[in-house]
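Trainee: First, the structure itself, so that you have it in front of you.
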Amino acid sequence: MGQKVNPHGLRVGVIKDWDSKWYADKTSYGDNLVEDYKIRKLLKKMLYQAGIARLEIERASAKIRINIHAAKPGLIIGRQGSEIEKVKAAVEKAIGKEVSLNIVEVKQPDTNAQLVAENIAAQLEKRTSFRRAMKQAMQRTMKLNAKGIKTLCSGRLGGAEIAR
């Protein structure tokens, strides 16, 4: 059987950019990595409904800048910026450092693989037929002139006894 390479790892630095942009020495590298993990986990949990496509974390000394690429930035910002302040306070409380948030809108959410996958997962949770959910997602993506799309769905689909 052939060796499988991670597609993200293969492209990073060539046609994709890093999700974390910072440099640290041996003593603080592990702490920064754990903080990044906590930030990503917290934001994915808090802002799931907003359709997070990508989180970029940049560090400069004690300040952390987080770029959130979202399909629905209005849900993150809220009325007059009330929600974004709550999110910022929660992140600062979790890691104990000053944080600045920058929200970037994803122009075409149906061409983003992460958002398409989350959309299919949400439909499956609502008990939609897996074939219909996947077919509709593929059609929406191809209508936006994508070069191609490949979807894979596995498990006990439709409540079947045996996984497909």
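Trainee: Expressed in nm to one decimal, what extension gain is obtained for the pair Ser20 and Ser61 from 0.36 nm per residue of sequence separation less their Cα-Cα distance?
Mentor: Stretched fully, the Ser20-Ser61 segment lengthens by 13.3 nm.
Trainee: How many percent of Cα pairs in the chain exceed 20 Å?
Mentor: 62
Trainee: Taking the 0 to 90 degree range and rounding to the nearest ten, how far is the long axis of helix 130-143 tilted relative to the main principal axis of the chain, both from C-alpha atoms?
Mentor: That works out to roughly 70 degrees.
Trainee: Please compare each pair in Lys4/Lys150; Lys44/Lys147; Lys45/Lys143 to a cut-off of 25 Å on the Cα-Cα distance and tell me which ones are over it.
Mentor: Lys44/Lys147; Lys45/Lys143
Trainee: Over all Cα pairs of segment 30-95, how is the pair count split among 5 Å bins, expressed in % and running from 0 up to the last occupied bin?
Mentor: Result returned by the calculation: 3, 16, 29, 28, 15, 6, 1, 0.
FYI, it's all coordinate maths here, none of it is from the lab. The structure presented is a predicted model; accordingly, all values stated were derived computationally and were not measured.
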